[in-house]
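Have a look at the structure below, then the notes.
The values are calculated or read from the model by the stated rules, or taken from the named source; none is laboratory data. Note that this is a predicted model, so its numbers are computed, not measured. For neighbour counting, all protein chains shown are included, and Cβ atoms are generated from backbone atoms with ideal geometry for every residue, glycine included. Heads up: the accessible areas ignore ligands, DNA and RNA and are worked out on the full protein's heavy atoms, side chains in. Shrake-Rupley method; radii C 1.70, N 1.55, O 1.52, S 1.80 Å.
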Protein chains: 6
Amino acid sequence: MASIRTHVEGFDRALGGGIPEGSMVLIAGGPGTMKSTFVYSVLHRNAMNGTPGLFVSLEQDAHDVVEKMAQLGMPILPEDKLYVMDMNHFRLALRDKEKGKDWIKILSSLFEEAVRAGGYKLFALDSLEVLYAIVTFKEIRRELFHFVGMLKELGFTAFLVAETPLGEPVREGRPEDFLSDGIILLEQFHVGAMGVQLRMRCVKMRGSHHDRGYFLLDWDGDKFLATKAIQQ
Amino acid sequence: MASIRTHVEGFDRALGGGIPEGSMVLIAGGPGTMKSTFVYSVLHRNAMNGTPGLFVSLEQDAHDVVEKMAQLGMPILPEDKLYVMDMNHFRLALRDKEKGKDWIKILSSLFEEAVRAGGYKLFALDSLEVLYAIVTFKEIRRELFHFVGMLKELGFTAFLVAETPLGEPVREGRPEDFLSDGIILLEQFHVGAMGVQLRMRCVKMRGSHHDRGYFLLDWDGDKFLATKAIQQ
Amino acid sequence: MASIRTHVEGFDRALGGGIPEGSMVLIAGGPGTMKSTFVYSVLHRNAMNGTPGLFVSLEQDAHDVVEKMAQLGMPILPEDKLYVMDMNHFRLALRDKEKGKDWIKILSSLFEEAVRAGGYKLFALDSLEVLYAIVTFKEIRRELFHFVGMLKELGFTAFLVAETPLGEPVREGRPEDFLSDGIILLEQFHVGAMGVQLRMRCVKMRGSHHDRGYFLLDWDGDKFLATKAIQQ
Amino acid sequence: MASIRTHVEGFDRALGGGIPEGSMVLIAGGPGTMKSTFVYSVLHRNAMNGTPGLFVSLEQDAHDVVEKMAQLGMPILPEDKLYVMDMNHFRLALRDKEKGKDWIKILSSLFEEAVRAGGYKLFALDSLEVLYAIVTFKEIRRELFHFVGMLKELGFTAFLVAETPLGEPVREGRPEDFLSDGIILLEQFHVGAMGVQLRMRCVKMRGSHHDRGYFLLDWDGDKFLATKAIQQ
Amino acid sequence: MASIRTHVEGFDRALGGGIPEGSMVLIAGGPGTMKSTFVYSVLHRNAMNGTPGLFVSLEQDAHDVVEKMAQLGMPILPEDKLYVMDMNHFRLALRDKEKGKDWIKILSSLFEEAVRAGGYKLFALDSLEVLYAIVTFKEIRRELFHFVGMLKELGFTAFLVAETPLGEPVREGRPEDFLSDGIILLEQFHVGAMGVQLRMRCVKMRGSHHDRGYFLLDWDGDKFLATKAIQQ
Amino acid sequence: MASIRTHVEGFDRALGGGIPEGSMVLIAGGPGTMKSTFVYSVLHRNAMNGTPGLFVSLEQDAHDVVEKMAQLGMPILPEDKLYVMDMNHFRLALRDKEKGKDWIKILSSLFEEAVRAGGYKLFALDSLEVLYAIVTFKEIRRELFHFVGMLKELGFTAFLVAETPLGEPVREGRPEDFLSDGIILLEQFHVGAMGVQLRMRCVKMRGSHHDRGYFLLDWDGDKFLATKAIQQ
């Protein structure tokens, strides 16, 4: 089984090479933990290495995402390498919504078309919380179950961004947790009385015998660095 | 992308210059953390430097706000520089409410008119809690999503004041958290057995590589001072 | 803007002179923190200095309140100085309740009449919890919002007593918190293994640059003393 | 205003003589904190000193209560001194229940008759939890408010036993808390790794300037002893 | 009043001889605290000493219970000494269920018949949680109140097994707590970083002046040993 | 009563030989605690020793499970030894669903057929959470009660995987807890400031006098090792 590299040095090694292809990975963390930037960087680096990706941004306009990420050091790529979709694309699709079709089927067609046209292999959704805000779930556990199934059938290795409450690294049991193949946790943690830093760890990765410990995370101007802290 | 300065010394530097233009920033904190004064000061200082602002006060009368802020050292400005709206303006608008229009559309027209007339660039709402008290949300996640979208379409850099419970710096996951581009947290924290001081930190700011640590916050008679505490 | 003194020595100084006239102040604390006595003493001292007050007791009979307070050292005053209303006054008013009138309008008329007759400037309600017990709120946030607005329109500087759970100094976010101009917190706190004392602090006071720290609170036989603890 | 002594040595002194006549006092504590025995002993000692009492036991049969208390050292008294009512008395009364009468009116008649016949001055209900189990409250805050009012109109000094969860000395805000004139708290607390003892404190007592600290509580064979612990 | 011995050495002494006859005792503890084995052993030892018991197992088949307990060192006894009923007996009874009869009446008849036939004095139900799973309570507080009353009318000294959440020695206030005459708590507690042991304590026992401290609990092959830990 | 070995060295000894045949054992743990791998390894090792098993994977495709487990060192076995069923098998069965049949009866037929055909003795369900996601429970306690009964009637020794929230070793009281004969807990625990390891313990095992302490758990390339930590 092939692996998808995160291109975060040190962290790929901790995963035993990367994320098993075809996995659905949750990127969970509180506000301000650079979840979007992390996921974007994974798709960006893989796109530059020949694996095209589809980044669905429900939180910001596609144009804003691309521009802000460029300012952080990730140059704009052509759409056949990294295609950023936003709410406007959804609105178009949802306008065609027929009575008998549910939202999962609509998104399914939309993504399927994108895959057929662009051959995208990686998928990112930023974020689950906004999906919950715009879609009215009747039975969240069951619908999310089928949504994840749909992503897998399209052949994606998928990253779903999930926001946890500020200051609460513990996640309450949510359906996306047990439906995921992997969980990567991003946290702000307090250093001394007044400092705050970022750290990450891989909580879960099916089919891999990975390290579960923490890495200090930093953005050095064009990429993430993950440093394994010395045990105190 | 241009930045809006908070004019709080030290803090703008921590943000890498200021708040990216067009952002929606949450000013969160418990009661008594000077959230309103902080936001007012940002609009007041920018107004004096040529960027006019619209301050919507749902908690107090416009007249009281302007007078209390003047007493704290921020002189009254003409309405084309800093326009303070209160409930009375809303009542007028809501009286015109037609059947087919929802509250977001009404506020939208109201703000749009203000922008056309005064060219306001900054926007503040004090506070989300009172908005929740007077508007009956049917689906809070979805409606807030569209409310934020409306503010962005009007071109505002927006500040939404959100009150967290007293003594509880942790925010439970609320829709305004993941819809915001930035979160600035204001806290009262206990010093020794009997003392209490103010501190602030930037938890999140999209498109900026900001410091996440705490600043001691003080009002020196006409402006805020943010001091980076030495790590203990 | 004039101030209303609490006549608690040291504490008025911490408030920068007193409570800004026209404010709505929450007196919050667990059972046994002398909230009622504190508020009564503020109205009593101001009444003796020429500012008449209206004390609405929903928890005890007016007669019991006046007598118990006299025993604690605050002599009975004539009704035009300090008028204590209890449930009996409300029952009368509520009996006249017509279909189209809601409880806020009834209370409003009742208080308005009292103000016209006696010129009362200060107002106290003891307590919000009993108000919640006898009034059926349909939408508590919205109705409380209008209740507070009514008190302000009558020109009152108002004190609302709010009971927090025993042993829980932290208040969960409640609508009265963000609707108030000020919050004064009274707490029992544990000293050593078996002792318990009272302390108070001003959490919030709009338009005032107040001290936020704790004061030890004691009743010396006819008045409160607030001592600023030396920092340990 | 006269006082009712608890006849617990040391504790009456802490209350400034006893409990103000006419008060409604909550006796709160977890399971196994001798709440029932404490309240029974107050009524028993006062009965022996000429103040007759009415003890309503919803948890046990009247006969069992009297016998168990006798075994603990409190001899059986004639009914005109200490009258123990149990569920059987209620069943009788409730059988007569007419359509238009609610449970508060029925209890009211029952207690009123007892007062007229026996001149009882003290009242105890053991416990509120069982009252909640057998009465279907529609609006608990409002009904409890009127229930307490009824007890006061009958001239009782009343003791209501309220059970808090095991191991949780903190009470969540419940309507009986703010409706009471006094709260006496009984707790099991852990001593060392494996020991457990009893302690009590007066949290609240309207119209009294009482001590708020803890007392160790022990039953010495026929009465309670309350020892003021030396501060560690 | 006679006592029922638990035959757990040391523990009977702590109870002042045993459990007062006719009591309803809750045996509460998390999963894996040997609640069932403890209750079974009490009935088994008493049965061998001439007091026959009825053990109702809703969690396992009667045959499995008897056999597993025999393997733990408690030999199988004839049904007139220790009768183990399981779900199959209930199914029979529930099949006869008529419209007008509720589940409490059905169980009542079933147990009454057993008492008439076998003269059982002790009763155990394992567990309340499964009772809740198979019976649909409309008003749990009221129905449990009558269920306990029924057991008492049949003359039983009754043991009800109640499961608390894993790792949470604190019980949230549940109706079975205040309806019980006694509560015996069984806990797993952590010893050092990686060890776990069993301990028990009597939290409550009406009509008895018992020790409230902890005992280490161990099964030595055919009986329980309760050791009073030396205070550290 | 025969035992089923887990083939995790050291741990079987702690269980007194293994898991009593016919038990229903819960394998509980947070995300990333190798619950699926642990259960699969138990069925795999027993299958190689002649006891065939049925592994029901609701979380992943049967093919993915088998392949990922092979990569972890457990070679693919013929279906008569270890049969892995996934959602596709269920879909087939559910398509035949008739009106009068509920989901438990459908699963029952499906498993019964498998037992008749393959003589499977061990059963695993991965996981309860996904079962909850795809089945609409009306009364979860009652239905789970019957589901467990069905598994027992088919003669299975059954393993149910249950996911607990991340970072929360404490399980809130859930129906599967008191319905199970055994509970094995898997946890990630923090070592020093930045490290995370796995540990396990047997919380409960009916009919066995087992060790309750923790074992460090590690996967050595083709099997689990459980090390009893030295007490610190």
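Of note:
Rundown of residues vs (1) modelled with pLDDT under 85; (2) outside any helix (DSSP H, G or I); (3) in contact with a strand residue (DSSP E or B) (Cβ under 7 Å, 6 or more places away or on another chain), yes/no style:
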position	(1), (2), (3)
D:Glu112	no, no, no
D:Tyr120	no, yes, yes
D:Ala124	no, yes, yes
D:Tyr132	yes, no, no
D:Phe137	yes, yes, no
D:Phe147	no, no, no
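- Checking each residue in the range C:192-232 for being open to solvent by 50 Å² or more (accessible area, probe 1.4 Å), within 12 Å of chain B (Cβ to nearest Cβ) and part of a strand (DSSP E or B) picks out C:Gln197, C:Leu216, C:Thr227, C:Lys228.
- D:Leu92 passes every criterion in (1) farther than 27 Å from D:Gln197 by Cα; (2) at pLDDT below 95; (3) not in a helix (DSSP H, G or I) apart from (3).
- Qualifying residue in the range F:98-108 (condition: among the hydroxyl-bearing types (Ser, Thr, Tyr), open to solvent by 10 Å² or more (accessible area, probe 1.4 Å) and in a loop (DSSP other than H, G, I, E, B)): no
- Condition met for F:Glu176 (of a type in the set (Asp, Glu), more than 11 Å from chain E (Cβ to nearest Cβ) and outside any loop (DSSP other than H, G, I, E, B)): no
- Applying the condition of being out of contact with any helix residue (DSSP H, G or I) (no Cβ under 9 Å at 6 or more places or on another chain) and either of a type in the set (Gly, Ala, Ser) or within 14 Å of chain C (Cβ to nearest Cβ) (or both) to the range B:115-138 and asking which residue is surrounded by the fewest Cβ atoms within 10 Å (Cβ to Cβ) yields B:Lys138.
- Among residues of the range C:139-165 that are more than 23 Å from D:Leu179 (Cα to Cα), those with a beta-carbon under 8 Å from a residue that is surrounded by 18 or more Cβ atoms within 10 Å (Cβ to Cβ) and among the basic types (Lys, Arg) at least six positions away or on a different chain give the pairs C:Gly155/C:Lys121; C:Phe156/C:Lys121; C:Thr157/C:Lys121.
- Within the range A:42-60, being closer than 23 Å to B:Leu179 by Cα and assigned to a strand (DSSP E or B) holds for A:Leu54, A:Phe55, A:Val56, A:Ser57.
- Residue in the range E:159-169 that is modelled with pLDDT of 90 or more, more than 18 Å from F:Val203 (Cα to Cα), more than 12 Å from chain D (Cβ to nearest Cβ) and assigned to a helix (DSSP H, G or I) present: no
- Among residues of the range C:48-60, those that are without any contact (Cβ under 8 Å) to a residue 60 or more places away in the chain and surrounded by 23 or more Cβ atoms within 10 Å (Cβ to Cβ), counted: 0
- Against the numbered list (1) assigned to a loop (DSSP other than H, G, I, E, B); (2) open to solvent by 10 Å² or more (accessible area, probe 1.4 Å); (3) under 19 Å from A:Val161 (Cβ atoms), A:Pro78 comes up short only at (3).
- Top-ranked residue of the range B:141-154 - restricted to ones that are touching a helix residue (DSSP H, G or I) at 6+ places or on another chain (Cβ under 6 Å) and open to solvent by 40 Å² or more (accessible area, probe 1.4 Å), ranked as farthest from A:Phe137 (Cα to Cα): B:His146
- Within the range E:5-22, tally of residues that are buried (at least 24 other Cβ atoms within 10 Å of the Cβ) and outside any helix (DSSP H, G or I): 2
- Filtered residues of the range D:31-47 (kept if small (Gly, Ala, Ser) and either at the interface with chain E (Cβ under 10 Å from one of its Cβ atoms) or open to solvent by 20 Å² or more (accessible area, probe 1.4 Å) (or both)): D:Gly32, D:Ser36
- Screening A:Leu216 with (1) at pLDDT 90 or above; (2) over 29 Å from B:Thr227 (Cα atoms) gives one miss only, at (2).
- Per the conditions (1) open to solvent by less than 30 Å² (accessible area, probe 1.4 Å); (2) part of a helix (DSSP H, G or I), the sole criterion not satisfied by E:His63 is (1).
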